[in-house]
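Participant: The structure under discussion is supplied below as structure tokens; questions concerning it will follow.
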Amino acid sequence: MTGKAKPKKHTAKEIAAKVDAATTNRGGGKAGLADRSGQEKGGHAKLECPLCKITAPDLKTMQIHHDSRHPKIPFDESKLNNLHAGHAAESSKPKPGVRGSLKK
């Protein structure tokens with residue numbers, strides 16, 4: 001047991017977790033805003049609701065949204081806007097969740 005005046009040292013596990021958190025792109029903040037909005041192919045938002053313009057990543061999520069927000073209108077899969085249909089993929093764009101720092 002350490003005394004009050006003796007500082008505790010950081011463990012290797014704690015330092016490795018801090019390095020991992022600092023160098024892994026989680027897709028958040030301003031850097032991930034375009035990715036989350038679905039403006040470019042590779043974004044999280046694939047489908048757009050034609051009624052309220054909210055975005056969803058897949059058909060199941062959009063159906064859940066439609067059942068809860070628009071219960072009086074029947075769900076029609078053909079009316080959904082596919083945001084990924086007209087965009088080409090960029091291979092040089094960093095994807096969310098990719099390990100590695102951008103500041104090499």
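Participant: Provide the per-residue ³J(HN,Hα) series for segment 52-69, in order, calculated from phi with Karplus coefficients 6.51, -1.76, 1.60 and θ = phi - 60°, each as a whole number of Hz, with x at glycine and proline positions.
Facilitator: 10, 6, 7, 9, 9, x, 8, 5, 4, 5, 5, 5, 4, 4, 5, 5, 8, 9
Participant: Still on this structure, please answer the following. Just grab the label-to-label distance for L51 and N81, each label 7 Å out from Cα along the Cβ direction, in nm (one decimal).
Facilitator: Between L51 and N81, the label points sit 1.6 nm apart.
Participant: Something else about it: Would you grab the residues whose amide H sits under 5 Å from the one on N81? Only those 5+ places off in sequence or on another chain, please, with H modelled 1.01 Å from N.
Facilitator: Sorted by chain and number, the residues that satisfy this are E48.
Participant: Still on this model: What are the ³J(HN,Hα) values, in whole Hz, obtained from phi via the Karplus relation 6.51 cos²θ - 1.76 cosθ + 1.60 with θ = phi - 60°, for each residue of segment 14-30 in sequence order, with x given for Gly and Pro?
Facilitator: 3J(HN,Hα) across segment 14-30, in whole Hz: 5, 5, 5, 5, 5, 5, 4, 5, 7, 10, 9, 7, 8, x, x, x, 5.
No lab work stands behind these numbers, since they all come straight from the coordinates. Small disclaimer: the values here were computed from a predicted structure and weren't measured. Note that we place each Cβ from the backbone using ideal geometry, even for glycine, and neighbour counts take in every protein chain shown.
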